[in-house]
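For reference, the structure discussed in these notes is given below.
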Amino acid sequence: MRISLVALFCVVGFAASGGSSALADEKADLEKEVRKFQGTWTFESSKSGGKELPADVLKGLILTFEGDKHTVKKGDEMIQVGTQKLNPSKSPKTIDVTMTEGPNKGTIMLGIYEIDDDTLKVCFDPQGKMRPTEFTSAPGSENFVNVHKRVKK
């Protein structure tokens, strides 16, 4: 009996130490992914309900990421503020945005993203009902797809 308990505690100890290493790796991967977002981005395109938004509507919109917080401004006007939670281990990668200021305050949007150097592509369900599985905005849907370009310093 005593040997069984010792064996059990050893197994639990190894599992816990292996798990903490995996958790540390996941945390490092997440921090690396968050760093990719940092900085200022323009709105290159936006499609909602299957329709492309006109370029003049997007002109002057700026998206800024600082840590897990983002802001959208047009000139000095604050459009929205929120926080985002990334999960780069999913395929496609997932992002959950909680709006903290602006007209959609309190809303949680479920989304997916891909980031490649200076291009960020996101697709969201603004109602937070069902996470998109692909980067599309079908006619009649509320999903939107934005493409952002990093502003060079």
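The values are calculated or read from the model by the stated rules, or taken from the named source; none is laboratory data. None of these values were measured; they are calculated from a predicted model. Neighbour counts are summed over all protein chains in view; Cβ atoms, including those assigned to glycine, are modelled from backbone coordinates with ideal geometry. Each accessible area value is taken on the protein alone, full model and side chains, heavy atoms only, with ligands, DNA and RNA left out. Shrake-Rupley method; radii C 1.70, N 1.55, O 1.52, S 1.80 Å.
Identify all residues within segment 108-129 that are at pLDDT below 95 and either of a type in the set (S, T, N, Q) or farther than 13 Å from Val145 by Cα (or both); write none if there are none. Matches in segment 108-129: Asp116, Asp117, Gln127, Gly128, Lys129.
Residue count for segment 124-153 under the criterion of being within 12 Å of Ser45 (Cα to Cα) and among the hydrophobic types (A, V, I, L, M, F, W, C): the result is 3.
So for segment 2-13 (the condition being touching a Pro at 6+ places or on another chain (Cβ under 6 Å), at pLDDT below 95 and not acidic (Asp, Glu)), does at least one residue qualify? For segment 2-13, residues touching a Pro at 6+ places or on another chain (Cβ under 6 Å), at pLDDT below 95 and not acidic (Asp, Glu): absent.
Within segment 130-146, the residues that satisfy the criterion of being modelled with pLDDT of 95 or more, open to solvent by less than 80 Å² (accessible area, probe 1.4 Å) and farther than 17 Å from Gln84 by Cα are Phe135, Thr136, Ser137, Asn143.
Per the listing Thr71, Thr64, the residue uniquely in contact with a Lys or Arg (Cβ under 8 Å, 6 or more places away or on another chain) and either within 25 Å of Ala28 (Cα to Cα) or among the aromatic types (Phe, Trp, Tyr) (or both) is Thr64.
For segment 108-129, the candidate set comprises residues that are in a loop (DSSP other than H, G, I, E, B) and among the charged types (D, E, K, R); within that set, the residue that is most open to solvent (accessible area, probe 1.4 Å) is Lys129. The condition (being surrounded by fewer than 13 Cβ atoms within 10 Å (Cβ to Cβ) and either in a strand (DSSP E or B) or at pLDDT below 95 (or both)) is satisfied by just one residue among Lys152, Lys73: Lys152. When Lys93, Lys105 are screened for being basic (Lys, Arg) and open to solvent by less than 60 Å² (accessible area, probe 1.4 Å), only Lys93 passes. Assigned to a strand (DSSP E or B), without any contact (Cβ under 8 Å) to a residue 24 or more places away in the chain, open to solvent by less than 60 Å² (accessible area, probe 1.4 Å) and in contact with a Gly (Cβ under 8 Å, 6 or more places away or on another chain), is that true of Val81? Spelling it out, Val81 is indeed assigned to a strand (DSSP E or B), without any contact (Cβ under 8 Å) to a residue 24 or more places away in the chain, open to solvent by less than 60 Å² (accessible area, probe 1.4 Å) and in contact with a Gly (Cβ under 8 Å, 6 or more places away or on another chain).
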